[in-house]
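Working notes for the structure below.
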Amino acid sequence: MEEPIAAEAEAIVRSLLDEWLTPFERECLACYLQRAVSAFGCDGHRFAKRYRDLVAPRATALERRLAASGGHCDCEFLMNAVEPARHLWVPPVPQRPAAIDDDGPDGDELDGLELLEPEPPDVMPRCAGVRLGSTQPCSNWATLWRPRWLPGRGWY
């Protein structure tokens, strides 16, 4: 009696995983990987392979291309090959340091303010979408430049 219940439970879990791990319509590889890795962790190119199999089966060199860009696994691709596009970065609010110089104004309007660099967003927006069969990132992502060695041409 327990076997049918266990089999039914396993079937439910498998169907939920299939639903959760299926790329959304026109979802780019980077958005898919970010969503899958944050939910289930990294395990090599498991999610990139799934994306390729479901969305871009003709991208036979995908794993090699990801590795060449610094992505030897799904999470490394997100860390080394792409970053959120600059138009999504959040400008921080300038913070006043604890001790402020009270000598009076010296002509510098920003005296006492600590200037901070913009930061990537905590949460990425919904995928901007790509054409069917593409493995390129959508406009929410910027590809990081990495020097590459080309035989006969050297580094570029």
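The values are calculated or read from the model by the stated rules, or taken from the named source; none is laboratory data. These figures come from a predicted structure and were not determined experimentally. So basically every Cβ, Gly included, is an ideal-geometry build from the backbone, and we count neighbours across all protein chains shown.
Quick grid of which residues meet (1) over 13 Å from the mean Cα position of the chain (by Cα); (2) modelled with pLDDT under 95; (3) more than 13 Å from Tyr32 (Cα to Cα):
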site: Gly44; (1), (2), (3): yes, no, yes
site: Arg58; (1), (2), (3): yes, no, yes
site: Ala68; (1), (2), (3): yes, yes, yes
site: Asp74; (1), (2), (3): no, no, no
site: Phe77; (1), (2), (3): no, no, no
site: Val93; (1), (2), (3): yes, yes, yes
Hits in the range 38-51 - residues which are buried (at least 19 other Cβ atoms within 10 Å of the Cβ), assigned to a helix (DSSP H, G or I) and not aromatic (Phe, Trp, Tyr)
Ala48
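To keep it simple, each residue is scored yes or no on (1) buried (at least 18 other Cβ atoms within 10 Å of the Cβ); (2) among the hydrophobic types (A, V, I, L, M, F, W, C); (3) over 26 Å from Pro121 (Cβ atoms).
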{"site": "Ala9", "(1), (2), (3)": "no, yes, yes"}
{"site": "Val55", "(1), (2), (3)": "yes, yes, no"}
{"site": "Ala61", "(1), (2), (3)": "no, yes, yes"}
{"site": "Arg64", "(1), (2), (3)": "no, no, yes"}
{"site": "Cys73", "(1), (2), (3)": "yes, yes, no"}
Scanning the range 14-37 for residues that are assigned to a helix (DSSP H, G or I) and hydroxyl-bearing (Ser, Thr, Tyr), the one surrounded by the fewest Cβ atoms within 10 Å (Cβ to Cβ) turns out to be Ser15
For the range 133-153, the count of residues that are part of a loop (DSSP other than H, G, I, E, B) and either of a type in the set (Gly, Ala, Ser) or at pLDDT below 95 (or both) equals 11
Selection from the range 79-91 of residues that are part of a helix (DSSP H, G or I) and either under 19 Å from Ala39 (Cα atoms) or among the hydrophobic types (A, V, I, L, M, F, W, C) (or both)
Met79, Ala81, Leu88
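Based on what the data block shows, is Ala59 touching a Lys or Arg at 6+ places or on another chain (Cβ under 9 Å) and under 13 Å from Gln136 (Cα atoms)?
yes
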